[in-house]
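The values are calculated or read from the model by the stated rules, or taken from the named source; none is laboratory data. Predicted model only: the values in this text are computed from it and were never measured. A quick note on method: Cβ atoms are made from the backbone with ideal geometry, for glycine too, and the neighbour counts reach across all protein chains shown. Heavy atoms of the whole protein, side chains included, go into the accessibility calculation; ligands, DNA and RNA do not. Shrake-Rupley method; radii C 1.70, N 1.55, O 1.52, S 1.80 Å.
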Amino acid sequence: MTHVLGLDLANPVVVGSGLLTDQERNIRRLLDTGAGAVITKTIHPSPPTDLDERILRLPTGMINSTTYSKRSVGHWLDILRSLARDGLPVIASVHADTPAELAELAARVEATGCRALELGISCLNEEAGLDDTAERVHAYTAAVRAATRLPFSVKLASGEGLNARAFTAARAGADAVTVSDTLPAAVVHPETGELELGGVFGYSGPGIKPLVLASLWKLRRAGFQLPVLASGGVQSGQDVHDYLRLGAVVAQVYSALHTDMHATLARIVAETGSSTHGAEAHRPEEVEEVEEEETEEVRS
């Protein structure tokens, strides 16, 4: 049994926030497949509507230009009430344009019976990008802490200043931090010489795992005491155990699930619980469809 954010989980494999968790049906199926918990796609009161949201697959992961759920807050509140009635381990990912708006959203989510939050405040895919600071993290964290009693994790990106941002989140009232959000990346189109997807966007997948491991090690070495939800490049039970050995309480899996979603999740959960976790490499070939998926996928 794993305990995090007030939830008792059957195992430490948590499905991270993203396109695959944008529907109640998918959330329930992922839990039925064995996920310890599922984090919703980020709920936002006014998500961008004019962005060209796509996914670019790479040999070592993927770059995506997606942002937040396009479903309304009211729609999500109904979903969260349904999931809460069944006592399911679901963490609501939330963000808003200002700390005050995020605090209001967090209070509305608490009223549904949802038991935990993740503050998705570090997405770099908005049009203006993101240059995160400790001051910004403090403003969002303190506002949410004043508005809700729910336990919450603040999702942060690895990189320069992470320790300062993490310690600031702790001082402002966070119950945990999630490391890491996607990291900035770009790919040059071989024919046009222009950037694929039209700019710099969030990179995830196995290529960031060593960076996240280093961030986790540095946080613990600096004396950071809050629980850490590790996120980045999990493809096997071995990856999960690597994060746990360095002090994470759970490991989130997401990008790997874009291939053979349920089979991949079931394998990772089984390997995590096995004494021989993830000893053999696995390279699934078929891509499972995402129900009602509207984001265009670009192949390099």
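Quick rundown of the values:
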item: Residue match in the range 33-49 (condition: farther than 30 Å from G173 by Cα and either surrounded by fewer than 16 Cβ atoms within 10 Å (Cβ to Cβ) or without any contact (Cβ under 8 Å) to a residue 40 or more places away in the chain (or both)); result: yes
item: Scan of the range 1-18 for residues that are within 14 Å of the chain's Cα centre (by Cα) and either assigned to a strand (DSSP E or B) or among the basic types (K, R) (or both), ordered by number; result: V13, V14, V15
item: Positions within the range 29-47 being in a loop (DSSP other than H, G, I, E, B) and either within 23 Å of A263 (Cβ to Cβ) or of a type in the set (G, A, S) (or both), in sequence order; result: G34, A35, G36, T40, K41, S46
item: Per-region count, the range 244-254, residues open to solvent by less than 20 Å² (accessible area, probe 1.4 Å) and in contact with a helix residue (DSSP H, G or I) (Cβ under 7 Å, 6 or more places away or on another chain); result: 3
item: Residue list for the range 175-201, filter: of a type outside the set (V, I, T) and closer than 19 Å to V137 by Cα; result: D175, A176, S180, D181, L183, P184
item: The range 1-32: number of residues that are open to solvent by 20 Å² or more (accessible area, probe 1.4 Å), among the aliphatic types (A, V, I, L, M) and out of contact with any Asp or Glu (no Cβ under 7 Å at 6 or more places or on another chain); result: 2
item: Test: N26 is under 24 Å from A263 (Cα atoms) and part of a loop (DSSP other than H, G, I, E, B); result: no
item: Candidates T42, T21, T98, T49 - the one that is over 22 Å from G237 (Cβ atoms) and in contact with a Ser or Thr (Cβ under 8 Å, 6 or more places away or on another chain); result: T42
item: Residue list for the range 50-68, filter: of a type in the set (V, I, T) and open to solvent by 20 Å² or more (accessible area, probe 1.4 Å); result: T60
item: Residue within the range 164-172 that is crowded, with 18+ Cβ neighbours inside 10 Å, of a type outside the set (A, V, I, L, M, F, W, C), in contact with a strand residue (DSSP E or B) (Cβ under 8 Å, 6 or more places away or on another chain) and more than 15 Å from L226 (Cβ to Cβ) present; result: no
item: The range 85-116: number of residues that are under 19 Å from D22 (Cα atoms), of a type in the set (A, V, I, L, M) and either surrounded by fewer than 20 Cβ atoms within 10 Å (Cβ to Cβ) or in contact (Cβ under 8 Å) with a residue 60 or more places away in the chain (or both); result: 6
item: Set T168, T182, T192: member being among the hydroxyl-bearing types (S, T, Y) and within 19 Å of the chain's Cα centre (by Cα); result: T182
item: Those residues of the range 181-233 which are surrounded by fewer than 16 Cβ atoms within 10 Å (Cβ to Cβ), small (G, A, S) and part of a helix (DSSP H, G or I), in sequence order; result: G198, A214
